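The values are calculated or read from the model by the stated rules, or taken from the named source; none is laboratory data. Remember, it's a predicted structure, so these values are computed and weren't measured experimentally. Counting neighbours? That spans all protein chains shown, and the Cβs are built from the backbone with ideal geometry, glycine included. Heads up: the accessible areas ignore ligands, DNA and RNA and are worked out on the full protein's heavy atoms, side chains in. Shrake-Rupley method; radii C 1.70, N 1.55, O 1.52, S 1.80 Å.
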Amino acid sequence: MEKVQQVKNDGLMAIEKCENLEQLNQVRIDYLSKKGHVQGLMALMKDLSKEEKPAFGQEVNDCKQALTKALDAKMEVLQKDALKAKLEKEKIDITVAGYKPNIGTVHPLMMIQQELEDLFVGMGYSVAEGPEMELDLYNFERANLPKDHPARDMQDTFYITPNTLLRTHTTAIQMRVLEQAKGQLPIKLICPGKVYRRDDDDATHSHQFMQMEGLVVGENITLTDLKGTLRFFAKKMFGEDREIRFRPSYFPFTEPSVEVDVSCHMCGGKGCNVCKQTGWIEILGAGMVHPNVLEMSGFDSSKCSGFAFGIGLERVAMLKYGIDDIRNFYTNDVRFLKNFDRFD
Ligand code: PHE
């Protein structure tokens with residue numbers, strides 16, 4: 001009996017001393033496993049008389065229960081401590097200032113492109129695209145510029161082979177769409193995209209730039225429709241007070257052809273540096289689609305007519321955002337692009 005008491009007291013003390021769950025587990029093994037101290041006490045039974053056995057057995061059982069209870073209680077305490085320590089260690093100070101994730105910015109030319117697409121799609125236009133490497137056929141011939149036409153010099157061209165080139169204007173896309181339409185009316189589309197010309201790069205020229213051209217073909221389309229459309233465009237892009245004016249011009253694919261000026265958005269037309277004191281800014285070329293162009297693409301020019309216009313996206317972006325060097329769009333200087341960060 002004394003031995004039982006001894007095991008019980010030693011066990012309780014060992015439990016008490018445990019500082020962590022590993023130690024406690026070791027005590028459980030030492031005392032309660034098959035080879036543990038409590039089982040060891042049972043082995044003593046065989047030396048006892050029949051009368052002594054029940055009381056001894058009872059005592060060992062009590063001892064076992066007492067130790068189990070103490071182990072469980074201690075385990076609960078240690079588990080709570082362990083959780084507390086873990087939470088303490090993993091504590092996050094949510095008041096510490098965070099890092100601002102570096103997200104890219106929309107390129108200003110893309111902003112202009114998207115803005116223009118929204119504007120024209122809102123007027124019922126669809127958006128068409130085409131290849132940057134183009135056939136002479138669509139870039140020139142169908143646009144009323146046969147081989148050896150002097151006006152080909154207006155657009156210095158990167159030729160790849162005698163019949164393939166880097167498109168010099170998005171008019172090439174229009175010629176493709178006209179062909180696909182197979183004479184079906186109406187046609188109402190804008191074509192945004194990159195174009196290439198053999199220019200020396202400087203503040204206002206780039207060998208690669210972006211255009212968005214528009215084309216409308218239908219019955220009774222007139223110059224007045226063109227004027228109304230471009231007036232709407234000018235007001236939406238540069239402010240409600242803007243007015244436009246037409247000056248006669250020449251493009252092989254339009255007749256008549258016009259150069260379109262917008263009243264200066266900086267000075268309101270009074271004259272300033274941006275408009276070179278004229279009050280007007282030259283913004284795009286346009287005109288009525290040349291009957292030859294319609295005929296070559298399979299339209300009957302006695303039954304339909306159309307207008308076309310070509311907008312340079314860099315020019316619009318430069319005027320709108322006050323950018324004075326076209327090369328800024330292409331040198332990928334993050335400091336420049338950051339000016340257009342919507343989240344700053
Ligand atoms: N394609 C002409 C250019 O790139 C622009 C233009 C388009 C002019 C449509 C008139 C009509 O210069």
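The figures follow:
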quantity: Answer from 79, 113, 65, 58 - the residue that is under 30 Å from residue 164 (Cα atoms) and part of a helix (DSSP H, G or I); calculated: 113
quantity: Strands (runs of 3 or more DSSP E) lying entirely in segment 131-198 (those with 2 or more residues that are open to solvent by 30 Å² or more (accessible area, probe 1.4 Å) and away from the ligand (no atom under 13 Å from the Cβ)); calculated: 133-135, 159-161
quantity: Subset of segment 275-294 (residues that are among the small types (Gly, Ala, Ser) and near the ligand (Cβ under 10 Å from one of its atoms)); calculated: 285, 286, 287
quantity: Number of the exception - residue 235 against (1) part of a loop (DSSP other than H, G, I, E, B); (2) open to solvent by 20 Å² or more (accessible area, probe 1.4 Å); calculated: (1)
quantity: Yes/no for residue 111 being out of contact with any helix residue (DSSP H, G or I) (no Cβ under 7 Å at 6 or more places or on another chain), within 20 Å of residue 211 (Cβ to Cβ) and open to solvent by less than 100 Å² (accessible area, probe 1.4 Å); calculated: no
quantity: Any hit, segment 209-227, residues being more than 13 Å from the ligand (Cβ to nearest atom) and among the aromatic types (Phe, Trp, Tyr); calculated: no
quantity: Residue in segment 274-288 that is of a type in the set (A, V, I, L, M), open to solvent by 30 Å² or more (accessible area, probe 1.4 Å) and farther than 22 Å from residue 204 by Cα present; calculated: no
quantity: Cβ-Cβ under 7 Å pairs, at least 6 apart or on other chains, segment 274-289 side among the aromatic types (Phe, Trp, Tyr), far side surrounded by fewer than 22 Cβ atoms within 10 Å (Cβ to Cβ); calculated: 280/245; 280/261; 280/263
quantity: Single unsatisfied condition, residue 120 versus (1) outside any loop (DSSP other than H, G, I, E, B); (2) under 30 Å from residue 299 (Cα atoms); (3) open to solvent by 90 Å² or more (accessible area, probe 1.4 Å); calculated: (3)
quantity: Residue 268 vs. criteria open to solvent by less than 40 Å² (accessible area, probe 1.4 Å), out of contact with any strand residue (DSSP E or B) (no Cβ under 7 Å at 6 or more places or on another chain) and farther than 29 Å from residue 152 by Cβ; calculated: no
